[in-house]
């Protein structure tokens, strides 16, 4: 009887181990898909036109990368201050430095750098892009709540920006991952209705047919 009980216990433990292994495999696959999606967006030219000229500004961009990452820590500890006067050249340098951190797959520093950029230059011509890529970075990190907030803020703060359809589509995906399926359909329908003809609308229409 004791032998039978031990065998039953071992069987139960093996079943639990298998479940844990399946969960870990699923999580690894989801993270891999996020990284692959981010890589595709970067390599396909999804990055905005503010791309640094490595031949002339490479050193400055590297310096700005350190400054952007360093400023992020200070920005996180300070209340949001008034934005600085517009300086397109300086804004571009900081934005490019933050985006370079994505290319290096340093998502933690990229998240900090974009957050610092948005605190410093909330009205910059690059702010809408920065807000969108903050969502992508948080999604790559697995921070679904942070990604949802970042994607939602694109349409809230920059309603005329070209990234709004993409950000709403990504928001629907994040809401689905969070299990808030009641919100998903409404967001997808908004993309289809308000942004017809965009790639985001085509993807949203496809997903609606699967619901």
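Each reported figure results from applying straightforward, stated rules to the coordinates on display, with no laboratory input. Given the structure is predicted, the values throughout are model-derived calculations rather than measurements. Using ideal geometry, Cβ is built from the backbone for each residue, glycine included, and neighbour counts are taken over all protein chains shown.
A compact table of results
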read-out	value
Size descriptor, Kirkwood hydrodynamic radius, that averages inverse alpha-carbon separations across the stretch 156-211, Å	11.1 Å
Separation between Cα centres of the stretch 167-194 and the stretch 195-211, rounded to whole Å	10 Å
Theoretical FRET efficiency, 1/(1+(r/R0)^6), r = Cβ-Cβ of residue 211 and residue 177, R0 25 Å, to 0.05	0.95
Mean Cα-pair separation over length for the stretch 162-211, i.e. relative contact order, pairs under 8 Å, 6 or more apart, %	36 percent
Ranked list, fewest to most other Cβ atoms within 10 Å of each Cβ, for 1, 6	1, 6
Distant alpha-carbon pairs in the stretch 93-140 (separation over 14 angstrom), percent	36 percent
